[in-house]
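What follows is one structure encoded as structure tokens, with my remarks underneath.
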Amino acid sequence: MAAFAKNEMIGEYTVSYCFYHGSYYESYTASGRTGNKCFIRVILPDMVKPSGLDRDGSVIEGEIASLLSGDPDMGRFLGSGTVEKDGKRLVYIASGWAVETSLCQLAHEGKRLDRHELEQLMQWVLTALDRLHSKSRPVIHNAVEPGNIVIDDGDFRELTLDVLNRARFSDLKPDPDSWHGLDPHFVAPERMEGGGSVRSDIFSAGALMYWLVFGIKPWDSDIDTVLTQDWALGFPEDYPDATVQTVWKEVRSFIRNRKWPLLIPEKRLIDIEDSQLEAMKMALSPEPEERFSSASEFLAALGTDTFAPAPGSAFRPFLKSLEKKNQSAGEKHDEAPETKPEPHRAKGNGFADVAGMEDIKALMREKIIDVLKDPELAEKYRIQIPNGMLLYGPPGCGKSFIAEKFAEEAGWNYKFVKSSDLASTYIHGSQEKIGKLFDEARKNAPMILNFDEFDALVPDRGSPQGAHMAGEVNEFLSQMNSCGKDRVFVIASSNRPDLIDPAVRRKGRLDQMIYIPVPDAAAREGMFRVQMKGRPQEEGIDFGHLASLTENYVAADIAFIVNDAAERAFRSRTDITERMLEDAIGRTRPSVGPDDIRYYESLRDKIEKSAKESAHNPIGFIQK
């Protein structure tokens, strides 16, 4: 039953009727003092998830609506406030009445934009996002997609970036579930994995432009038909486990597929400049740091007569590259030169910086590092030089950090490799890059190559997703055979080792498969000490107690908690106290939930069982 009846007052607005009653909010039509029609959204704070509340307990959506009140491009918000009803304090948001059509509806009706309209639309979207991102407390919209861009009464000159119930202040920890219910093709990859920043909105704007230009979605798939309404709302407890796992499997597959080059169809619905195409591709980079840093930079990069490129634009290198291509038209072009981190000698404290995980560190020293440090002695004992190891487990547990500390402990050169580093726009171009990478590693030996998200690089060739990458997987198999003898050691990291081609996982390539669990109490205590080191703090903080309060929290969670407490201390100009840290823990939920842990432990058991069944020899020894 609706909280407010006809003719009741919500602030200064008179209720007409309730047209939606949900779990934590209700929607009404109403009229203001002058009789003007409006919409009212009433939120029940007690029913809002913790992720929907600010640090002080305020409803984030209400705070953002108040911040944007009067901005004509942001949902026509008239204002927000609180109202008492039956002893409860409710938050309301008022927005102006309009007859609206979404961009998605226009597309279904067969409406197609011309180039001028596209430029007009992108200028408006990016300007609106830039205003959001430039607020005194920056706001991430988190829902830029065709259905949320509305056009007043079909007039293309009156647009509104609608729906702010997913919006979030950028200084808050991202809500890992906020993308549920959206079309995943317009959601940045990092948001689907629990992250997010203003660059996530840049990706969504790029996806919108791609959809308008080509008439299909970037990395198009049928995943939006798999995700049901239950997915958007959270599966009920009695929902079949098999169905839930199937949905998650499709989601993970979709995330992996977006790590590979973006398809650029020859057929376009809108003819755009090559420079604009390159700008769109940059906005759609799977890695956030490779996108534009702001909406204004993306806007400048679209560089037409309407949008003159800004001085110092991040897009200038693309323009120079395009000029060179135009000057040498008709010639054969190689791929653009890559700018990647050079191999470097790993320097640091090694495993001394890794809190806890003593069994794992001991295993790495005894089975691998001691052999790598003294290969001549190993040869005398006929001990095989290991070629690589796989680190797997839940996200955020420090696999990449451990890999770098491993390199420091071994004293070898080190290079971190992302899947996007090996991507190529040419058929089997990735194969060539893999070969060059290992050639370079041999020249710079002793070298450790750390491959992130290895399942995206060497997927099972028997799966539909991996069939087209057989050449790349074969190249990896060839390069990893006996690479240890050339003093090249591979560290592969993955959240889904079961998706890696079985031939890659065999002994003689990845000799050790090591499960990296969520940090134990000792590790969490060490993480708190490392994060607090050098910060002004009260005497006698009990880090062991803080560790006991953070079971299942990963390294990223603990870093967030300490930074949250530090910001509070900074505002009050005091030392960081244990109570501040406890309060920050109370406001932060772990990134990895109990269901995730059970899933990964089950996966670990399967991997270990498979490894035992297929093992020919113990690691590092040659069978007589």
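One table, with the values for the structure above:
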read-out: By accessible area with a 1.4 Å probe, ligands and nucleic acids excluded, highest first: order of Ser66, Ser51; value: Ser66, Ser51
read-out: Listed peptides 373-379, 204-210 by packing density, highest first (mean Cβ within 10 Å); value: 204-210, 373-379
read-out: Theoretical gain in end-to-end length, His545 to Asp177 [0.36 nm per residue, Cα-Cα removed]; value: 129.5 nm
read-out: Calculated FRET value between Asp46 and Arg252, using beta carbons and R₀ = 25 Å, to 0.05; value: 0.15
read-out: For Asp605, solvent-accessible area (1.4 Å; no DNA, RNA or ligand), Å²; value: 80
read-out: Ratio Rg/Rh, restricted to the range 470-563 and using Cα atoms, in which Rh is the Kirkwood radius; value: 1.19
read-out: Whole-percent pair-distance distribution, where bins are 5 Å wide, for the alpha carbons of the range 1-63; value: 4, 18, 26, 18, 17, 11, 5, 0
read-out: Net charge of Cβ neighbours under 14 Å - reference Lys380; Lys, Arg +1; Asp, Glu -1; value: -3
read-out: q = 0.23 Å⁻¹: log10 I(q)/I(0) that the Debye formula gives for the range 493-535, counting C-alpha atoms only; value: -0.80
read-out: Student exercise, the range 411-548 dipole from Lys, Arg, Asp, Glu Cβ charges, in Debye to nearest 20; value: 440
read-out: Packing-based ranking, highest mean first, of 248-254, 456-462, 414-420 given that Cβ atoms within 10 Å are counted; value: 456-462, 414-420, 248-254
read-out: Among 168-180, 555-567, 529-541, the order from most to least packed when residues are scored by Cβ within 10 Å on average; value: 555-567, 168-180, 529-541
read-out: Distance (nanometres) between label positions extended 7 Å along Cα→Cβ at Lys347 and Lys88; value: 6.1
read-out: Nearest-10 value in Å² for the accessible area of Tyr25, using the 1.4 Å probe; value: 40
read-out: J(HN,Hα) series, the range 391-399, from Karplus relation 6.51 cos²θ - 1.76 cosθ + 1.60, nearest Hz, glycine and proline x; value: 9, 9, x, x, x, x, 8, x, 4
read-out: Probe 1.4 Å - accessible area at Ser58, Å² to nearest ten; value: 40
read-out: Glu432 versus Ser58: modelled label distance in nm, points set 7 Å from Cα along the beta carbon direction; value: 5.6
read-out: 14 Å beta-carbon shell around Leu603, net charge (K/R +1, D/E -1); value: +1
read-out: Segment Leu377-Leu477, extension gain: residue separation times 0.36 nm, minus the distance between their alpha carbons; value: 33.3 nm
read-out: Neighbourhood net charge (12 Å Cβ-Cβ; Lys/Arg +1, Asp/Glu -1) for Ala565; value: -1
read-out: Distance in nm between pseudo-label sites at Glu12 and Thr29 (7 Å out along the Cβ direction from Cα); value: 2.3
read-out: Length released on extending from Glu608 to Asp114, taking residue separation times 0.36 nm less the Cα-Cα span; value: 172.2 nm
read-out: Placed amide H near Leu391: partners under 5 Å, 5+ positions off or other chain; value: Ala492, Ser493, Ser494, Ile514
read-out: Phi to ³J(HN,Hα) by Karplus 6.51 cos²θ - 1.76 cosθ + 1.60 over the range 124-131, Hz, x for Gly, Pro; value: 5, 4, 6, 5, 4, 5, 4, 5
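The values are calculated or read from the model by the stated rules, or taken from the named source; none is laboratory data. Keep in mind that what you see is a predicted model, and the values were worked out from it rather than measured. Counting neighbours? That spans all protein chains shown, and the Cβs are built from the backbone with ideal geometry, glycine included. Surface areas here come from the heavy atoms of the whole protein model, side chains and all, with no ligands, DNA or RNA. Shrake-Rupley method; radii C 1.70, N 1.55, O 1.52, S 1.80 Å.
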